[in-house]
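Only the coordinates and a few stated rules stand behind these numbers; no lab work does. Computed from a prediction, not measured in an experiment: that's the story for all the values here. Ideal geometry is used to build each Cβ from the backbone, glycine not excepted, and the neighbour counts take in all protein chains shown.
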Amino acid sequence: MIEIENLTKRFDQVQALSGLSLTAQDGRVTGLIGPNGAGKTTAFRIVYGLLTPDMGCARVDGVNVAQDRMQAQRQLGVLPDVRGLYPRLSAREHIRYFGQLHGAHGAALEADIDELVTRLGMSDFADRLAKGFSRGQELKVALGRALVHRPHNLILDEPTNGLDVMSSRAVRELIAEMKAEGHCILISSHIMSEVSLLCDDLVIVAEGRTVASGTPDELRAETGADDLEEVFVRILARASSKAKAAQ
Amino acid sequence: MSEKTSNGWLRRVWIVLKKELRDHSRDRRSLMLALIYPMLGPLLVAGGLVLAGKTLQGDFREHAVTVSAVGIERAPQLKTYLENNNVRFSAAPPTRQAQEDAVREGRLAVVLIVPQSADGQGAFTIELLTNTGRVDNLRVTARLSAIVRSFNDHIADQKALAAGLPAGYATTVKIERTNVARDANIAVFFYNMVPPLVIFMIFLGGVHLAIDTTVGERERGSLEPLLLAPVERWVLLLAKALAALAFTAVTTVVNLAAFRVFMGLAASSSERLVAPPGWDVFAVIFAVTVPLMAIAVALQMSVAVITRSMKEAQIYLGLLPLVPALPGMVMVFSPMNPTDVTVAVPVLGQMLLINQLVGEQSLDPQHVLIAALTTTLSAALIFLLAAKWFRREKMFVLG
């Protein structure tokens with residue numbers, strides 16, 4: 001389970017987060033959605049220990065990230081928006097490297113790598129250097145890297161960004177499988193059709209704070225809109241009006 | 001589930017180090033810096049040594065020298081004396097201006113002018129048109145002057161004998177020069193260029209790796225996924241620094257070996273050039289430079305982690321090797337003796353020790369210890385600073 005409590009973070013003149021709170025439950029897919037600059041990436045970076053919040057805290061399976069970053073990271077698998085592969089390492093070497101950094105080794109690690117190569121459909125390019133990989137291939141390697149230590153919690157930042165139809169479908173199927181296995185999955189996406197297909201819970205953020213949360217059906221009922229994109233637009237408009245009224 | 005181990009920090013250092021070494025052994029730029037660049041300096045020095053050996057070394061008197069002369073037929077005795085001393089004559093340009101231009105431009109080494117007033121009997125003055133800005137001209141001029149002085153002594157002796165006086169009567173003091181310097185002087189001058197060039201390569205060898213594994217990783221976006229692994233930040237930086245150190249060590253080995261081989265070949269091209277120091281001396285030079293490699297890598301890492309882009313890092317780190325190499329170049333011309341104080345200055349200490357080794361002098365163990373301690377300690381402090389900067393949020397957040 002991933003818990004975010006009243007997170008506040010400021011970068012010089014920019015207030016990135018202003019008391020963001022959310023909970024992502026086990027066995028469910030929670031979607032964090034919001035306009036560009038709403039604070040989604042900053043919140044993720046605090047959860048996976050890259051940034052320290054000015055106030056508030058993030059917990060992964062009850063472990064306070066700021067107090068025990070490495071323990072929280074052991075229980076977390078992350079697919080960042082920027083895939084960031086090493087061009088001179090093969091797909092298999094990427095996964096092995098990150099498996100080793102998580103403490104795995106030997107025949108068991110090799111078996112896990114083989115399983116991931118098969119599960120993610122990487123057999124054709126597993127031993128090729130990453131230079132020249134397509135976006136779909138890059139994503140698969142990044143996913144393999146995030147899953148090799150079998151984390152209970154997953155953070156997926158724009159998991160289908162730039163992928164073709166078949167690759168997007170494969171990723172959605174993988175997320176559904178992980179959910180069925182009881183993993184806690186927190187995703188961010190700008191693609192409302194994908195959010196609609198994948199997410200059990202939604203958290204809508206704007207200007208660094210939570211402006212609405214609930215299941216897609218609850219949010220539809222709350223706004224009176226059927227289409228999730230329309231739900232999103234109405235909630236943002238309402239939040240903006242409230243902010244202006246408060247000023 | 002994979003087997004888990006205690007996975008201590010040393011094991012994590014080894015995992016990251018191994019990855020960086022594998023990654024960069026596949027990188028053409030890293031390999032060029034480690035294996036090809038270190039041969040260029042030694043090749044240049046050895047080439048210079050061969051040329052200098054041919055130009056400046058050897059017994060000059062054995063070689064004929066050609067001098068352009070004007071009016072030499074007016075001084076037949078002098079002409080014969082010069083010819084007997086291996087001087088040959090060629091026609092000089094017709095005008096004074098053309099003669100001066102030819103010497104100034106290096107087409108002629110020297111022009112010897114015998115005045116029209118000379119009758120070959122009484123005293124007369126000869127003029128030498130020379131160009132002191134050219135080493136080859138200087139040598140011809142010096143040789144010609146020496147032969148003319150010798151001619152004067154010869155004539156004076158003849159006149160003294162004819163007058164019933166002892167030889168040397170007209171020359172109270174004669175000078176006989178005995179050169180005790182080895183003919184290898186010029187070779188030693190070239191060998192003194194080794195320390196600054198070795199130090200230059202030490203500060204260059206791991207630079208690409210230092211940049212690529214820090215600010216380069218940030219630019220490519222691979223640093224963020226790496227920092228998601230449960231690894232201490234200082235462990236990551238230490239492993240990357242060790243990888244840069246390994247490449248620097250390989251660069252230094254190639255550089256020193258190339259110096260020994262190429263300079264040895266150059267020295268063997270002339271019997272009069274002394275051989276460079278032996279392989280044992282070069283092995284000691286390598287050992288002495290280990291703390292220097294550490295401080296070079298620490299400086300590279302600290303600059304790389306505070307710069308905002310690879311380009312910026314390349315600019316700063318491209319200049320870095322010049323800073324320690326410049327005092328070394330100065331010492332080629334103006335040597336400094338090591339003392340307890342001077343060897344305690346990081347980098348300078350190693351430079352002085354390498355200078356001593358190249359000059360085949362024995363090292364004072366106390367100096368070696370002081371230099372190693374102060375430079376290693378400085379490297380550790382600089383690395384700690386780099387590790388502190390590496391923890392900054394700005395270091396690993398893109399955009």
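Of note:
- Eligible lysines near residue B:311 by straight Cα distance, threshold 23 Å, same-chain separation 8 or greater: A:131, B:240, B:388, B:394
- Multiplying the residue separation of residue A:173 and residue A:197 by 0.36 nm and subtracting their alpha-carbon distance yields 7.6 nm.
- Shape index of the protein assembly as shown: Rg/Rh, with Rg the Cα radius of gyration and Rh the Kirkwood radius from the inverse mean 1/r over Cα pairs, equals 1.25.
- Ordered by the number of other Cβ atoms lying within 10 Å of each residue's own Cβ, fewest first, A:185, B:175, B:36, B:15 fall into the sequence B:175, B:36, B:15, A:185.
- Here the Gaussian network model covers chain A, with springs between Cα atoms less than 10 Å apart; of A:112, A:201, A:127, A:127 fluctuates the most.
- Neighbour-count order for B:203, A:11, A:232, fewest beta carbons within 10 angstrom listed first: A:11, A:232, B:203
- For the segment A:222-234, counting C-beta atoms of other chains within 10 Å of every residue's C-beta and taking the mean gives 0.
- Cα-projected label distance for residue A:71 with residue B:163, points at 7 Å along beta-carbon direction, nm: 11.1
- Partners for residue A:179 among aspartates and glutamates (Cα-Cα distance below 14 Å; same-chain residues under 8 apart left out): A:26, A:200, A:201
- What the pair-distance distribution of the range B:64-162 shows, using all Cα-Cα distances binned every 10 Å from zero, is 15, 49, 29, 6, 1 percent.
- Contact order for the range A:85-149, expressed relative to its length and based on alpha carbon pairs under 8 Å spaced 6+ residues apart, stands at 53 percent.
- Sorting B:189-198, A:87-96 by their mean Cβ neighbour count within 10 Å, with the most densely packed peptide first, gives B:189-198, A:87-96.
- For the range B:64-162, share of DSSP beta bridges that run antiparallel, in % to the nearest 5: 25
- DSSP beta bridges in chain B [antiparallel fraction, %, rounded to 5]: 25
- Using the alpha carbons alone, the radius of gyration of the range A:1-57 stands to its Kirkwood radius in an Rg to Rh ratio of 0.96.
- Nearest-0.05 FRET efficiency for residue B:146 and residue B:37, computed from C-beta distance (R0 41 Å): 0.35
- Taking only the Cα atoms of the range A:112-247, the ratio Rg/Rh comes out at 1.06, with Rh defined as the Kirkwood radius.
- Cross-link reach is defined here as a Cα-Cα straight distance under 14 Å, omitting same-chain residues fewer than 8 places apart; for residue A:9 the aspartates and glutamates meeting it are A:54, A:207, B:393.
- Cα pair distances of chain B binned at 10 Å [whole percent]: 4, 18, 20, 16, 13, 11, 8, 5, 3, 1, 0, 0
- Mean Cα-pair separation over length for chain B, i.e. relative contact order, pairs under 8 Å, 6 or more apart, %: 20
- Radius of gyration and Dmax over the Cα atoms of the range A:85-149, both given in Å: 10.5, 30
- Surrounding net charge for residue B:170, when Lys and Arg each add one and Asp and Glu each subtract one, Cβ distance under 9 Å: -1
- Per-residue Cβ neighbour rank within 10 angstrom, fewest leading, A:178, A:70, B:329, A:166: A:166, A:70, B:329, A:178
- Each DSSP beta bridge with both residues in the protein assembly as shown is either parallel or antiparallel, and the antiparallel ones are about 50%.
- Check: the protein assembly as shown dipole with +1 on Lys, Arg Cβ and -1 on Asp, Glu Cβ, in debye: 1140
- Hull-based mean projected area of chain A, where the convex hull spans the alpha carbons, in square nanometres: 13.9
- Inter-probe distance in nm under a simple model that places probes 7 Å from Cα toward Cβ, at residue B:9 and residue B:280: 4.1
- Relative intensity, log₁₀ I(q)/I(0), of the range B:234-371 from a Debye sum that treats every alpha carbon as a point, q = 0.11, 0.19, 0.22 Å⁻¹: -0.49, -1.22, -1.41
- Surrounding net charge for residue A:56, when Lys and Arg each add one and Asp and Glu each subtract one, Cβ distance under 9 Å: -1
- A quarter of the convex hull surface defined by the alpha-carbon atoms of the range B:72-231 gives 18.6 nm² as the mean projection.
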